[in-house]
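Novice: Quick one: this structure, given as structure tokens, is what I'll be asking you about.
Nothing in this text is a laboratory measurement; each read-out follows from the coordinates by a stated rule. All figures in this text were calculated on a predicted structure; none of them were measured in a lab. FYI the Cβ positions are ideal-geometry reconstructions off the backbone, even for glycines, and counts take in every protein chain you see.
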Amino acid sequence: MSDDKQNILKFLENTSVEVTPGGAKKIEDFRDLLRPGTTVFVTFLPGSDIRDTVATVQRLHAEGMKPVPHFAARSIPNKAFFEENLKIFQDECGVEEALLIGGGVDNPVGDFSSSMEILKLDLFQKYGITKLGVAGHPEGSPDIPSEEVTKALLEKNVYAKENGIDMYITTQFCFEAEPIIAWDKKIRAEGNELPIHIGIPGLATIKTLMGHAKACGIGPSMRVLTRQAANIAKLMTTRMPDKITRDLANYQANDPECGITLCHLYPLGGMKKSAAWLYAVMDGDFELNDKGGFDLTRELDI
């Protein structure tokens, strides 16, 4: 087996996926799409009802997955509300891992405007959350100036050390490896020691991807879509994740100081296609090509 192929297999080990409560309602049974014990992040989108997130977490737990609920600081009305939901996740689902983000709303709905304010409540530890993800922005945050992003990330590094929390950074998806690699090196030089779970796009329709990207404020890598307009339909259904996966896998393998430890796959509304693609690659059913990516050698049952 070639080094590149081995690197890809290692890079995709323990890959997590993401689902919205709305997207979960369209899936009859997650066991039909995902392998037992898959880590599934459950989003909490601005303006949504956290009870939908709770219900999705409960369902994933019942169907044999490892759910990771999102908490968006600017969408949490108060401490009591936050604590109540932590208790539900712990008591009913045994949740031990969560993702904390600032949340993409201009005006906080309640008492909190940043994820650090939530962290300092020390409630995650009280309710059995021993592993915690925080947001990372390889292409910059649409809401926060870069110097404030750096300051907040270093504060989280200190908090994790002082409080014994297994903390990591999880990022939005990008289409190219170069900005991710540059960002990893930059935050490493600034003092980051938290491991990175890097986001890559799954297989989705053009409409779904463009809508999701716009909503998430994805920046410079959107030029990939316009630069390859003639081939976009093919890229969306068969090839979009392969080059970035291969590039990042090789970066992880060849730079001993690389901060990337895991891959996080965004299905972007295409869970069935994305999961089928992921498992084909994880099973080694692919061949490297001369375009910098790889081609599947088994037909996807989608």
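Novice: Would you give the gap between the C-alpha center of region 178-206 and the C-alpha center of region 97-123, rounded to a whole Å?
Specialist: Answer, in whole Å: 22.
Novice: Rounding to the nearest 20 debye, state how big the charge dipole of the chain is about its Cα centre with +1 on each Lys and Arg Cβ and -1 on each Asp and Glu Cβ.
Specialist: It works out to roughly 600 debye.
Novice: Output the pairs from Lys87/Lys161; Lys10/Lys79; Lys26/Lys156; Lys10/Lys273; Lys131/Lys272; Lys185/Lys272 with a Cα-Cα distance over 31 Å in this structure; if there are none, say none.
Specialist: Checking Cα-Cα distances, Lys10/Lys79; Lys26/Lys156; Lys185/Lys272 exceed 31 Å.
Novice: Oh, and also: P(r) for the chain, please, calculated from all Cα pair distances in 10 Å bins and given in %.
Specialist: Computed distribution, short to long bins: 6, 28, 37, 24, 6, 0.
Novice: Sticking with this one: Based on DSSP H runs of at least 4 residues, each adding -39500 (n - 2.57), what is the mean residue ellipticity at 222 nm of the chain after dividing by all its residues, to the nearest 500 deg cm²/dmol?
Specialist: Mean residue ellipticity at 222 nm (helix-derived): -12500 deg cm²/dmol.
Novice: Turning to a different aspect of this structure: Rank the residues Ser75, Ser146, Ser114 as a footprinting-exposure proxy: fewest other Cβ atoms within 10 Å of their Cβ go first.
Specialist: Ser146, Ser114, Ser75
Novice: When the chain is fully extended, how far beyond the present Cα-Cα distance does Glu148 get from Asp283, taking 0.36 nm per residue of separation?
Specialist: 44.5 nm
Novice: Collect residues whose amide H, placed 1.01 Å from N in the peptide plane, falls under 5 Å from the amide H of Gly292; neighbours closer than 5 in sequence don't count.
Specialist: Close amide H contacts, sequence-distant or interchain: none at all.
Novice: Something else about it: Pairs of alpha-carbon atoms within less than 8 angstrom and 6+ residues apart define the contacts here; what relative contact order does region 3-295 have, in percent?
Specialist: Averaging sequence separation for qualifying contacts and normalising by length gives 22 percent for region 3-295.
Novice: List Cys258, Cys174 from most exposed to least, where exposure is judged by having the fewest other Cβ atoms within 10 Å.
Specialist: Least crowded to most crowded, the residues run Cys258, Cys174.
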